[in-house]
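Following: one structure in structure tokens, then a few remarks.
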Amino acid sequence: VDNPSTNVNTLYITNYSGAPSVRVRDTILVDRGTFNSGGRNLYLYGDMVMRNNGVFTPLAADFVIAGNNQHRITLDNTVGVTYNNLELTGGNVLVTTTVSSATAQVNIGNRLLFSTSAVVNVRTYDRRVVMATGATVQRPYGVGFVDGTLRKPFAAGAGSVLFEIGNGTAYTPA
């Protein structure tokens, strides 16, 4: 998506009853404008690049990073990227950036699901994964974690709260 127009600068994926998932074998690049998934599930087998304040709007869909290769989420914008449900079914994910914006981060609106031993590395480029209020991290097979900062809101007096983090290849929850 590279649309500098101020008139219509959003690309929508059509959503209809029974619409299949969209599978992207290479890279999703949002350079300018907005990429709206229209409520369709997206499977990404490559990388995602956000530049020049490009925005991804997931609505209520799942975004699945699949394939056993190393993936990159490049946040060269000031707003980062927001996923409703982010599922990791393949290789590790490195979150990179060349901007110094504190808001260039990975935001999760509902669920972060580790279906494999994937690691989301936000440590190397000093980024973070930020969970919305009520959002969950799920590790149904006891594998996968965030390498670096994971922000999770919780109520005062909530008792113990688990942070699914690690360092490099070691899972060291806090």
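The values are calculated or read from the model by the stated rules, or taken from the named source; none is laboratory data. Just so it is clear, the model here is predicted, and its values are computed rather than measured. Glycine also receives a Cβ, built like all others from the backbone with ideal geometry; neighbour counts cover every protein chain displayed. To get the accessible areas, we keep the full protein, side chains included, count just its heavy atoms, and leave off ligands, DNA and RNA. Shrake-Rupley method; radii C 1.70, N 1.55, O 1.52, S 1.80 Å.
Structure notes:
- Looking across G109, G91, one residue alone is in a strand (DSSP E or B), in contact (Cβ under 8 Å) with a residue 12 or more places away in the chain and either under 13 Å from the mean Cα position of the chain (by Cα) or closer than 21 Å to V49 by Cα (or both). It is G109.
- Residue match in the stretch 48-61 (condition: over 13 Å from the mean Cα position of the chain (by Cα) and open to solvent by less than 20 Å² (accessible area, probe 1.4 Å)): yes
- Selection status of S17, among the small types (G, A, S), in a loop (DSSP other than H, G, I, E, B) and touching a Ser or Thr at 6+ places or on another chain (Cβ under 9 Å): no
- Residues of the stretch 149-161 that are surrounded by 11 or more Cβ atoms within 10 Å (Cβ to Cβ) and not in a strand (DSSP E or B): K152, P153, F154.
- Screening N77, N85 for residues that are surrounded by 19 or more Cβ atoms within 10 Å (Cβ to Cβ), more than 19 Å from Y141 (Cβ to Cβ), in contact with a strand residue (DSSP E or B) (Cβ under 9 Å, 6 or more places away or on another chain) and not basic (K, R) leaves exactly one candidate, N77.
Let's see how each residue does on (1) more than 30 Å from S17 (Cα to Cα); (2) touching a strand residue (DSSP E or B) at 6+ places or on another chain (Cβ under 6 Å):
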| position | (1), (2) |
| --- | --- |
| N68 | yes, no |
| V93 | yes, yes |
| G134 | no, no |
| G144 | yes, yes |
